[in-house]
Every structure is written in structure tokens, then in C-alpha cells.
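To keep things clear, I will list the structure first and then write my remarks on it.
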Amino acid sequence: DGVSQTVVDLVLQGRKPLVVTGSESGELIGSESIIAKNLKSIIAAPLSLGDQFIGILYLDNHLVKGVFTEKDVEILQAIGNQMSISLRIAHAAQMELERKVMERDLEVVGAVQSLLIPKCAEHSTIDWSLAGYYQPATRSGGDWWWYEQGPTGELFLMVGDVTGHGPGPSMVTAA
């Protein structure tokens, strides 16, 4: 990486923009990374999404001292603000896509689970009557029931319960 770690660390710690014109004296201009990479001019600013720090915008020049000035900070911050807005929009779009995928998955899980519940919740013979009701606590769950009438009139009633609600328990139930 060709960046000045000293500048990056200072912006990271202070969460404020920093301009290195090449005329500074002291520890900053004498940092190993600035000397080793022959950096003449640097500008860096924090990139934030609201209160959340997400990175640093960093530009440097190897040819000329004083390329970046304090006036350039406003431009860099304006670029950073646009990037933050773009990142926020991209994040919202990604969350919406994930929500739609989850909705579709829940519909599939609900459809699979509906196959584990009798189509007719009531059944009667001369010897017995059966009425069942199923309502998951969420869109899908791990509970199920089924009945079958045997060849000689006996009733086979099955009830299952997988701990939890949602797609996971519902798929365990299906298995």
C-alpha cells in the first residue's frame, strides 16, 4: 500500500481532515511512510454515514509539494458526502433486496408447510369425530399435524412440534 499510515492514523484518531503540504516540520513530515514513499503533498478526510465512521478519503502526490491546500478540504468533504449518500442508498437497496428474498423464502416455506397440514380440518365417522385447527405464531413454524383413517376404520393422528418459529423450524418439520 502506498499511503502514509501516519496521516491515516491521525485522521482516524481525530476524525478531522488533514492536509500535508510538504512544508511542515516535525514528526509528521519526517514519518517513515512519507519519506519512504516520497510523498510531497497529502489530503485526507474521514468518511462517515451519519455518526458511523466508515473510512478515510485519501489523496497524495509524489511530484509536487503544496498541491493540496486547506481550500481543497471542502471539495474532498463534498465528495465524501456524496459518497456517503451513495453508500447509504446502496445499503438501503441491499437491505430491500434481502427483505424481498426473505419474503419469497417465507412464502416457499409456508407453501411447504401447508403440505404438512390436512386440507380438511374436520373428519367424522360413525365411531369418532375429528376437528383440528392450525395457526402458526409467525408466517411459518415448526408445528404440524396430520390424520389418516386406517383400512379398518382406526384413526391415526400425528402431531409434531419443532422448537421455534420461522423458516428454520419449518424446514426441520418438513424434513
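The values are calculated or read from the model by the stated rules, or taken from the named source; none is laboratory data. Just so it is clear, the structure is predicted and the values come from calculations on it, not from any experiment. Reconstructed Cβ throughout: ideal geometry from the backbone, glycine too, with neighbour counts over all protein chains shown. All accessible areas refer to the heavy atoms of the entire protein, side chains included, with ligands and DNA or RNA removed. Shrake-Rupley method; radii C 1.70, N 1.55, O 1.52, S 1.80 Å.
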Within segment 117-128, can you find the residues that are open to solvent by 40 Å² or more (accessible area, probe 1.4 Å) and assigned to a loop (DSSP other than H, G, I, E, B)?
119, 120, 125, 126, 127, 128
Complete set of residues in segment 34-51 that are at pLDDT 80 or above, closer than 16 Å to residue 66 by Cβ and open to solvent by 20 Å² or more (accessible area, probe 1.4 Å):
40
Inspect segment 14-33 for any residue being open to solvent by less than 70 Å² (accessible area, probe 1.4 Å), in contact with a Phe, Trp or Tyr (Cβ under 7 Å, 6 or more places away or on another chain) and at pLDDT 85 or above and give the result as yes or no.
yes
Residue list for segment 55-89, filter: open to solvent by less than 70 Å² (accessible area, probe 1.4 Å) and either among the hydrophobic types (A, V, I, L, M, F, W, C) or in contact with a Pro (Cβ under 6 Å, 6 or more places away or on another chain) (or both)
56, 57, 67, 68, 73, 76, 78
Look through 119, 65, 100 and report the one residue that is modelled with pLDDT of 80 or more and closer than 30 Å to residue 153 by Cα.
119
Given the conditions (1) surrounded by 11 or more Cβ atoms within 10 Å (Cβ to Cβ); (2) modelled with pLDDT of 90 or more; (3) in a helix (DSSP H, G or I), which single one is not true for residue 92?
(1)
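Regarding residue 125, is this residue touching a residue at least 24 places away in the same chain (Cβ under 8 Å), more than 30 Å from residue 50 (Cα to Cα) and under 32 Å from the mean Cα position of the chain (by Cα)?
Here the answer is no, as residue 125 does not meet what is asked.
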Within segment 75-134, count every residue that is closer than 15 Å to residue 170 by Cα and of a type outside the set (A, V, I, L, M).
8
